[in-house]
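J.: The structure's right below; bear with me while I get my questions together.
Here, each number is a calculation from the coordinates, and none is a lab measurement. The model shown is predicted, which means the values in this text are computed figures rather than measured ones. Glycine gets a Cβ as well: all are built from the backbone with ideal geometry, and neighbour counts include every protein chain shown.
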Amino acid sequence: MSKKNRLVIRTIILVIMTGAIAYTLYANFTKEARSKVSVGDEAPDFVLSDLGGERHQLSELKGKGVFLNFWGTYCKPCEREMPYMNSQYKHYKDQGVEILAVNVGEPEFSIKRFVEKHDLDFPILDDKNKDVMNMYGVYNLPATFLIDPEGNVIKVVEGEQTEANIQAMLESIKP
């Protein structure tokens, strides 16, 4: 290979690497400026399907309190809080409170295996392209948004929750 060809290849690689670094820096420094849902905001509406193919639209739940949880099967804190969510769901589902657990971009077979392992009863929604996760500005899992019956976000919590915390949160959004 001639010196000229090596120089061209090295230049192309350098340009690509510089572009990748610039994009990474831009994405990290502007992520806070992008839409992040906060307390007091109206919860952005979305439509996602559950594992049975049933469609769920957030705005159709107005009048109910919604515990909106973003999670992944690989997330150990998510896995530890799921049984607590399930236990509380059984208690609150007939009291005007809904739990929606949004899986963020994992294969359906992984999600189904996780749901079967933990015998979960609440709707598990599949955010295949992470559109809803990005709309809500979620970067860390688990992340939970408490939405009051009027459709407003009243609390945003990142990190694993205890069963007592989940119970208190569900109580706070009960109509």
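J.: Looking at (1) 12.8; (2) 9.4; (3) 10.5, which value of mean projected area of the Cα convex hull in nm² comes from a calculation on the structure shown?
T.: Checking each listed value against the structure points to (1).
J.: For every other residue with a beta carbon closer than 14 angstrom to the beta carbon of residue 141, add +1 if it is Lys or Arg and -1 if Asp or Glu, then tell me the sum.
T.: In short, -3.
J.: Going by how many other beta carbons lie within 10 Å of each one, how would you line up 82, 1, fewest first? Write down the numbers at each step before the final one.
T.: Numbers: 82 24, 1 6.
The order, fewest Cβ neighbours first, is 1, 82.
J.: Peptides 135-146, 90-101, 64-75: what's the order by average Cβ count within 10 Å, highest mean first?
T.: 64-75, 135-146, 90-101
J.: Also, quick follow-up: Under a point spin-label approximation (7 Å from Cα along Cα-to-Cβ), what is the residue 117-residue 3 distance to one decimal in nm?
T.: Result: 5.9 nm between the two label points.
J.: Can you pick out the pairs among 36/64; 36/117; 36/90 whose Cα atoms lie more than 28 Å from each other? Walk me through the intermediate numbers first.
T.: On the way: 36/64 23 Å; 36/117 32 Å; 36/90 30 Å.
Too far apart for the 28 Å limit: 36/117; 36/90.
J.: Assign unit charges at the C-beta atoms only (+1 for Lys and Arg, -1 for Asp and Glu), then state the dipole size of the stretch 47-172 relative to its Cα centre in Debye, rounded to the nearest 20.
T.: Dipole magnitude for the stretch 47-172 comes out near 120 debye.
J.: Amide H to amide H under 5 Å from residue 152: which residues, 5+ apart in sequence or cross-chain, H placed 1.01 Å off N in plane?
T.: 43
J.: A further question on this structure: How much of the DSSP bridge set in the stretch 94-175 is antiparallel, in percent, rounded to the nearest 5? Can you show the working numbers first?
T.: Details: 5 of 9 bridges.
The answer is about 55 percent antiparallel.
J.: Which value in nm describes the separation of the simple spin-label points at residue 76 and residue 157, placed 7 Å from the Cα toward the beta carbon?
T.: Taking the simple label geometry, residue 76 and residue 157 are separated by 2.1 nm.
J.: Let me ask another. Determine the dipole magnitude for the stretch 71-144: charges of +1 sit on the beta-carbon of Lys and Arg, -1 on that of Asp and Glu, nothing else is charged, the reference point is the Cα centre, and the result goes in debye to the nearest 20.
T.: With Lys and Arg at +1 and Asp and Glu at -1, about 180 debye.
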